1. Since Glu193 meets every condition but one in (1) charged (D, E, K, R); (2) surrounded by fewer than 22 Cβ atoms within 10 Å (Cβ to Cβ); (3) within 28 Å of Ser158 (Cα to Cα), which condition does it not meet?
2. When residues of the range 34-55 are filtered for being over 15 Å from Val91 (Cβ atoms) and among the polar types (S, T, N, Q), how many remain?
3. Of all residues in the range 21-57 being more than 17 Å from the chain's Cα centre (by Cα) and in a loop (DSSP other than H, G, I, E, B), which is surrounded by the fewest Cβ atoms within 10 Å (Cβ to Cβ)?
4. State yes or no: is Leu166 surrounded by 16 or more Cβ atoms within 10 Å (Cβ to Cβ) and either within 15 Å of the chain's Cα centre (by Cα) or farther than 24 Å from Asp36 by Cβ (or both)?
5. When the range 60-87 is examined, which residues are found to be in a loop (DSSP other than H, G, I, E, B) and either touching a residue at least 40 places away in the same chain (Cβ under 8 Å) or surrounded by 18 or more Cβ atoms within 10 Å (Cβ to Cβ) (or both)?
6. Look through the range 1-20, keep the residues that are within 18 Å of Thr89 (Cβ to Cβ), within 17 Å of the chain's Cα centre (by Cα) and not aromatic (Phe, Trp, Tyr), and return whichever of them is surrounded by the most Cβ atoms within 10 Å (Cβ to Cβ).
7. Take the residues of the range 1-20 that are of a type in the set (Gly, Ala, Ser) and outside any strand (DSSP E or B): which is farthest from Pro148 (Cα to Cα)?
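Here, each number is a calculation from the coordinates, and none is a lab measurement. Computed from a predicted structure; not experimentally measured. Methodologically, a virtual Cβ is constructed for each residue, glycine included, from the backbone with ideal geometry; neighbour enumeration extends over all protein chains shown.
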Amino acid sequence: MPTVHTRAGELAYDELGTGAPLLLVHSAAHDRRDWDSIRPELARRHRTVAVDLPAHGESPAPLPSWQPSAAGVADLVEDVVDGLNLGPTSVLGSSVGGFAAARLAIRRPEAVRALILVDHGGFGSYPFGVRLFCRAMGVPALLRLAYPGFARGYLRASSAHDREVLRVARQLRRRPERAEVVAGLWRSFPGPEHSLESRAAEITAPTLIVWGNRDPVIPISAGRRAAELIPGARFVSMDTGHLPFSSDPAGFLAHVLPFLAAVPTG
């Protein structure tokens, strides 16, 4: 398995297809196999690059010097783009992966050809009850106890691929090193570094936002808010949970493929 060096250590990745690059960044507690239901179709037109976050999939636990947070994941996405010499790339990010993709477009506009953001963070508010929930999920022992049921609730599995994705997410209970990383992400979500609202107008890449309207983790209002703030962004909702590309691959691709086809590649 090839790896790319980042400030958190080596991250596993793989490539499929040829053409303009398309970087795929998964959500917390998942891995690059999340994309398996749509990746063959994407790879017909793109060089798809899917990466495993630290302690996820085939990536090892992070170096002690790297502190897990949403901003930390965004740092790693920058490292991956540089380490693999992707050049201008389209980025498809889910949840915290979507946050990382959006921050990349703000900080490194020359590196991003197009954005596809799926049920992502960075554009919603955190009322007191939500902050308490994030704090509880930021305790690794509580996270490991709660995650199997929590994953079942946010995924709302409706396909064979959903059930495989759910099986992977439930492994968190037996993976303390992964739980440490995911807990760190949850602790960071209410923090100021996880808000992109003040800089959203700096995103110049064509942007498509796709949201599962039955997502209990991040409300659809956060997606609509992002679409209002990102210039020219297009917003679509699907009748799914937190991972619409897994639950309804054909429906997801019906939005994404025309969007990518319209993005200039020169």
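1. (3)
2. Count: 1.
3. Arg44
4. No; evaluated as a whole, the condition is false for this residue.
5. Answer for the range 60-87, where residues must be in a loop (DSSP other than H, G, I, E, B) and either touching a residue at least 40 places away in the same chain (Cβ under 8 Å) or surrounded by 18 or more Cβ atoms within 10 Å (Cβ to Cβ) (or both): Pro60, Ala61, Pro62, Leu63, Ser65, Trp66, Gln67, Pro68, Ser69, Leu84, Leu86, Gly87.
6. Top of the filtered list is Leu11.
7. Across the range 1-20, the extreme among qualifying residues is Gly19.
Matching residues to (1) in contact with a Cys (Cβ under 6 Å, 6 or more places away or on another chain); (2) under 19 Å from Arg178 (Cα atoms); (3) basic (Lys, Arg):
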residue	(1), (2), (3)
Ala29	no, yes, no
Arg33	no, yes, yes
Ser37	no, no, no
Leu42	no, no, no
Arg45	no, no, yes
Thr48	no, no, no
Val51	no, yes, no
Pro62	no, yes, no
